[in-house]
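Taken together, the values in this text are just the output of simple stated rules run on the coordinates, not laboratory data. Since the model is a prediction, treat every value here as computed from it, not as a measurement. Here Cβ is always computed from backbone atoms with ideal geometry, including for glycine, and neighbour counts include all displayed protein chains.
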Amino acid sequence: MNFDLQELSGTFSVTDVVAAMALSFILSTMIGYVYRYTHRNVSYSQSYVQTLVIVGMIVAMIMLVVGSNLARAFSLVGALSVVRFRNAVKETRDVGFIFLAMAVGMAAGSRFYTLAAVAAVVISAVIVVMYKFDWFALNVQRQVVKVQVPAGEDYSSDIRDVLIRYTSEFELVSTETIRGGALTEVFYTVRMKKGTEPSDLVTALQERTSGQRVTVLTGYDTTDL
């Protein structure tokens, strides 16, 4: 019995389908485990990792369908253009993993099996090495200071006086009104002086801002806000 599917597409057979789907699944699963192993922040999502595997396999299937048929490729682009994604990617490196899963799926679906396997292994190894040796880390810990003050009153000089006393450097990030304009919320990035505790900074700021809410986020550059 002939299981050849060339009469439907003219480009692939059942063996091609099985090989592409199996390889894209194996490599995408490996990428998912690499992502889980190297993930540091608090926003880990099991759904996102599962999506990486799904994306890799779907892209492989798309590449099998498209093959070398330009008309089919353009029609597929038109069909996919109606898809809209609303979820924001919380971390920049997540985008890289999405592209990696897509690239592996494209290579497997195009039947470049060796390229897909070698590229996935090499890039995953690079990711693990960067994670292990903490490449490009900035050895300066900064904090985010969020201060709420009554609207209509200028507390900027009082806040700056406190920041000068407790921090070695600071920078105003944003100012916005909240609670229908009743309060103004200002954000600073700061670097605490040695021997200074965040609680001391909070207490000093509250004394200058009529006891309004003050929040210090420590280690914001390694966690998700």
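Restrict the search to the stretch 145-187; then list the GluC sites (Glu not before Pro) that DSSP places in a loop and that have at most 12 other Cβ atoms within 10 Å of their Cβ.
Hits after loop and neighbour filter: GLU153.
Between LEU115 and THR38, what is the label-point separation in nm under the 7 Å Cα-to-beta-carbon projection?
Once both label points are built, they end up 2.2 nm from each other.
Set Lys and Arg Cβ to +1 and Asp and Glu Cβ to -1, take the dipole of the stretch 88-225 about its Cα centre, and tell me which of TYR131, LEU201, SER110 lies farthest positive.
SER110
At a Förster radius of 25 Å, what calculated FRET efficiency corresponds to the Cβ-Cβ distance of SER13 and GLN46, to the nearest 0.05?
The pair SER13/GLN46 has a calculated efficiency of 0.10.
In nm, give the distance between the simple-model label positions of VAL173 and GLU207, each being 7 Å from the Cα along the Cα-to-Cβ direction.
Calculated label separation equals 2.6 nm.
Label-point separation (nm) for ILE62 and THR29, each offset 7 Å from Cα along Cα-to-Cβ?
2.3 nm
Rounded to whole Hz and in sequence order, give me ³J(HN,Hα) for the stretch 18-28 from the Karplus expression 6.51 cos²θ - 1.76 cosθ + 1.60, θ = phi - 60°, writing x for Gly and Pro.
4, 5, 5, 5, 5, 5, 5, 5, 4, 6, 5
Could you name the lysines in cross-link range of LYS193, using Cα to Cα under 23 Å and dropping any fewer than eight places away on the same chain?
The qualifying lysines are LYS146.
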